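A.B. asks: Here you go, one structure.
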Amino acid sequence: HLSEIPPACFARRAFISGFDGSAGTVVITATEARLWTDGRYFLEAERQLSKDWQLMRSGVSDTPTLTDWLCSSLKRGQVVGLDPAVHAAAFVLELRQRLA
């Protein structure tokens, strides 16, 4: 949908994380749950995320981008799954290239 405010049927991020801000990306691994969002939503995310989630503050100098974090955290042969309905093709292509 690539819309800032998705219809309720696309509210996957809010369902899985509890964060209902209009901007954010969730990554869940076997051992971690992280949410990347920008400065407009730091306070909201801090209030809404449980202790099981780590808030990744996009735009803050010591916070890796989602792609950088995936590239440094994944081991060779691990698989990334994503929803093509909510990710731009450019992001998918960049991620595929960087993980190759």
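The values are calculated or read from the model by the stated rules, or taken from the named source; none is laboratory data. From a predicted model like this one, the values you see are computed outputs, not experimental measurements. Cβ placement follows ideal geometry from the backbone for every residue including glycine, while neighbour counts extend to all protein chains displayed.
A.B. asks: Filter segment 72-100 down to the residues that are more than 21 Å from residue 14 (Cβ to Cβ) and in a helix (DSSP H, G or I) and list them by number.
C.D. replies: Step one: list which residues in segment 72-100 are more than 21 Å from residue 14 (Cβ to Cβ), which gives 72-80, 89-90, 92-100.
Within segment 72-100, 72, 73, 89, 90, 92, 93, 94, 95, 96, 97, 98, 99 meet the criteria.
A.B. asks: Looking only at segment 28-71, count every residue that is touching a residue at least 12 places away in the same chain (Cβ under 8 Å) and outside any loop (DSSP other than H, G, I, E, B) and tell me the total.
C.D. replies: 22
A.B. asks: Here's a follow-up. Quick one: is residue 35 surrounded by 11 or more Cβ atoms within 10 Å (Cβ to Cβ), of a type in the set (A, V, I, L, M) and at pLDDT 95 or above? Explain how you work it out, then say what you get.
C.D. replies: Values: surrounded by 11 or more Cβ atoms within 10 Å (Cβ to Cβ): yes; of a type in the set (A, V, I, L, M): yes; at pLDDT 95 or above: yes.
Taking the combined requirement at face value, the residue satisfies it.
A.B. asks: Let me ask you something else. Looking at segment 66-93, which of its residues are exposed (fewer than 13 other Cβ atoms within 10 Å of the Cβ) and under 29 Å from residue 7 (Cα atoms)? Walk me through it before giving the result.
C.D. replies: Let us first name the residues in segment 66-93 that are exposed (fewer than 13 other Cβ atoms within 10 Å of the Cβ), namely 68, 72, 75-85, 88-90, 93.
79, 80, 81, 82, 83, 84, 85, 88, 89, 90, 93, listed by residue number.
A.B. asks: If you scan segment 36-62, which residues turn out to be under 13 Å from the mean Cα position of the chain (by Cα) and within 21 Å of residue 98 (Cβ to Cβ)?
C.D. replies: 36, 56, 58
A.B. asks: Next up: Checking residue 10 against (1) free of Cβ contacts under 8 Å to residues at least 60 places away in the same chain; (2) surrounded by 11 or more Cβ atoms within 10 Å (Cβ to Cβ): exactly one of these is not met. Which one?
C.D. replies: (1)
A.B. asks: Conditions: (1) of a type in the set (A, V, I, L, M); (2) at pLDDT below 90; (3) in contact with an Asp or Glu (Cβ under 8 Å, 6 or more places away or on another chain). Residue 85 meets all but one. Number of the miss?
C.D. replies: Every condition holds for residue 85 apart from (3).
A.B. asks: With (1) surrounded by 12 or more Cβ atoms within 10 Å (Cβ to Cβ); (2) assigned to a helix (DSSP H, G or I); (3) in contact with a helix residue (DSSP H, G or I) (Cβ under 9 Å, 6 or more places away or on another chain) as the list, and residue 16 as the residue in question, which single condition is left unmet?
C.D. replies: Single failed check for residue 16: (3).
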